[in-house]
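Step one of this worksheet: look at the structure below.
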Amino acid sequence: MADSPVSHHPAGSSQQPPEVDAPDTSHEQRAQMEQAYQQMQRKMRISKMDEGIKHKVMVLSGKGGVGKSTVATGLALSLARQGKKVGLMDIDITGPNVPKMLGLENADLNVEDGQIFPAIGPHGLEVISMAFLIEDPDKPVIWRGPIKLGAIQQFIGDVAWGELDALIIDFPPGTSDEPLTVSQSLPGIDGVVIVTTPQEIALLDSRKSINFAKTISIPVLGVIENMSGYTIRGTAEANTIISVMGPSGIPLECETDDEGNWALTLNVFKSGGGEESAKELDVPFLGSLPFDPGIVRGGDDGVHRIVSEPDGETAQAFDSIVARITEKLERGSGPSLRIT
Ligand SMILES: Nc1ncnc2c1ncn2[C@@H]1O[C@H](COP(=O)(O)OP(=O)(O)OP(=O)(O)O)[C@@H](O)[C@H]1O
Ligand SMILES: [Mg+2]
């Protein structure tokens, strides 16, 4: 592929296109035939992916920076630590950051027989990201539409996932070309998970993601509210009232227990917006994830919160969201899930 951003021809590959040596076959014709042959192989592999991967879930958000990649990675890790075989595909071509969150920035990918083997993260999580294929991470990737779409199709068709219980797909924000291309290229997508924060602006944008899912006839598994509330804890005299200055200078009160422990949740943005908007938009609410400074640290250090604090509040919140998603997936895409 002349302008292909992802092109790999391993030495000694056993699946090279057949030799075309007719004397009048021009170089260009040969290249075209080779391209057609690769495209055919890719299509065959993509159709096999439907059989080999039990569940495929797309993670979307209307607004950028709401924690989509953090959530996609967390969902994948939570499933993987239950012993499931899980893949995580980072489709964010212009700003792929999943490898950094998993400490896999310097991972070397194996390419064999024209297929890319994913990097292996914590709990055996199989990870593939455009970041692995970009030589200079500081250089912005600017690809024209068709090249970008071609790259996504190659990206989907050329990865050797093997058998998986679930494939989680992370996207750039919005409902642009990427989720559309994936939904058209990859058969059997089970559903879309929408990530939002409790801010009104993020909630409004979620509506667009829900409408997008309806347009492409993919069920909405539900909405996750991220950065929901920040819980602070302390100790003081038992059975007394504690007052803390909350956001916007509004005092919050709570009572200490018999041991003198207290806990207060500060709603950094707002609270309950995700649940309300899910109700309003008639899609399931999958749960909330707390605002957790450890997530930011983990993102920078390459150790996801689920890995650094497997029994912590955030890891538990991920587990209960995953339990709800699993239940929906196992129930199948019956009428309750199907949106037309
Ligand atoms: N629950 C949380 N608590 C605290 N910080 C969080 C939380 N979730 C995500 N973050 C932080 O918010 C920032 C954005 O997160 P992330 O990159 O996952 O968002 P995104 O929606 O994927 O962004 P983009 O739209 O650019 O793809 C990161 O610094 C991340 O560490
Ligand atoms: Mg992201």
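Remarks
- Relative contact order (percent, whole number), the chain, Cα cutoff 8 Å, 6+ residue spacing: 21 percent
- Sequence-distant lysines (8 or more away, or on other chains) whose Cα lies within less than 27 Å of K85: K43, K48, K54, K56, K68, K100, K328
- The calculated FRET efficiency for Q199 paired with E51, based on their beta-carbon distance and R0 = 56 Å, is about 0.85.
- When the Gaussian network model of the chain links Cα atoms closer than 10 Å, the mean-square fluctuations of G95, G157, G312 top out at G312.
- Euclidean distance of C-alpha centroids, region 26-53 and region 144-170, integer Å: 14 Å
- Multiplying the residue separation of K214 and E313 by 0.36 nm and removing their Cα-Cα distance gives an extension gain of 32.3 nm.
- Cα-based shape type of region 216-275, given that a ≥ b ≥ c are square roots of the gyration tensor eigenvalues and the cut on a/c is 1.5: prolate
- Point-to-point label distance, N106-T94, nm (Cα→Cβ direction, 7 Å offset): 3.0 nm
- Proxy reagent accessibility, fewest Cβ within 10 Å first, across D258, D205: D258, D205
- Other residues lying with their Cβ under 10 Å from the Cβ of T235 contribute a combined charge of -2, Lys and Arg counting +1, Asp and Glu -1.
- Here region 46-140 carries DSSP beta bridges of which approximately 55% are antiparallel, counting only pairs with both residues inside.
- The helix-only estimate of mean residue ellipticity at 222 nm for the chain, built from DSSP H runs of length n ≥ 4 each weighted as -39500 (n - 2.57), is -11000 deg cm²/dmol after division by the residue total.
- Neighbours of T175, meaning other residues whose beta-carbon lies under 10 angstrom from its beta-carbon, give a summed charge of -2 when Lys and Arg score +1 and Asp and Glu score -1.
- Principal semi-axes in Å for region 152-259 [√(5λ), Cα gyration tensor, largest first]: 43, 18, 11
- Considering every alpha-carbon pair of region 191-340, the percent of pairs per 5 Å bin, from zero through the bin containing the longest distance, is 2, 9, 15, 16, 17, 15, 12, 7, 4, 3, 1, 0.
- Whole-angstrom Cα spans of the chain along principal axes, big to small: 93, 42, 35
- Three semi-axes of the equivalent ellipsoid, region 190-245, Cα gyration tensor, whole Å, largest first: 39, 12, 6
- For region 220-340, the share of DSSP beta bridges that are antiparallel, to the nearest 5, is 80%.
- Most mobile of G249, G124, G299 in a GNM of the chain (Cα contacts under 10 Å): G249
- Scaling the Cα radius of gyration of region 89-131 by the globular reference 2.2 N^0.38 Å produces a ratio of 1.11.
- Share, in percent, of DSSP beta bridges within the chain that are antiparallel, nearest 5: 35 percent
- Pairwise label distance in nanometres, Q35 with R233, each label 7 Å out on the Cα-Cβ vector: 6.0 nm
Each reported figure results from applying straightforward, stated rules to the coordinates on display, with no laboratory input. If you're wondering where the values come from, they're calculated on a predicted model, not measured in any experiment. Cβ coordinates were reconstructed from backbone atoms using ideal geometry, including for glycine residues, and neighbour counts include every protein chain displayed.
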